[in-house]
1. For the pairs Lys6/Lys74; Lys6/Lys29; Lys29/Lys109; Lys6/Lys53; Lys6/Lys40, flag any whose C-alpha to C-alpha distance is greater than 19 Å.
2. Among Thr32, Thr128, Thr11, Thr58, what's the order by accessible area (1.4 angstrom probe), most exposed first?
3. What do you reckon, how do Met8, Met107 stack up by accessible area (1.4 Å probe), largest on top?
Amino acid sequence: FSLLEKSMRLTIECEEKLPCYFDVEKYTKIFTNLMSNAIKYGRYEGNIIVSVKIENETAYISVKDDGKGIPEEKRSRLFERFERLDVDKNRPEIQGFGIGLNYSYSMAKCHKGSLYYEPNQPQGSIFTLEIPVGEDAYSEEEIGNPEFITDIYQNNSADSVVSTGDKHGTVLIV
């Protein structure tokens, strides 16, 4: 699925550019998985809001959709490996193996962060990645890796959004 195929609207809420320390490769995979799920399970012509804020050397990256959401009775298994919470025989186009959220959760924990879920009211899901971004959170070896140091958001310009007419495209935050 893509934003264009589902005529979805993407909004990015981000503070000004701030220097941050984190493993770019791992957090790109986590973010890509969260965006993929928001698109996959979001409703046609729905909304996705990505917000990034930094407080006390911790970044909070949230991906919010207005899709069907996750039933309360299934939330305890949300981050389990191979868990497909919404296997719906009426939607065979949604494919996967149930490893994306488990991988994302594990990577966040391994890199001194966390990933959590909360329902979006009145419907949908909010997944928030919480990661330390201050230099004090990491060892000299970790910071010595040039791929580890980056800015959490490089610019806030229209170049970040690919748009065709009134349709919204894909955004890559590096």
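The values are calculated or read from the model by the stated rules, or taken from the named source; none is laboratory data. This one's a predicted model, so the numbers in the text were calculated from it and none came from an experiment. These accessible areas exclude ligands, DNA and RNA; they are computed on the full protein's heavy atoms, side chains included. Shrake-Rupley method; radii C 1.70, N 1.55, O 1.52, S 1.80 Å.
1. Cα-Cα > 19 Å for Lys6/Lys74; Lys6/Lys29; Lys6/Lys53; rest within.
2. Greatest to least solvent exposure: Thr32, Thr11, Thr58, Thr128.
3. Met107, Met8
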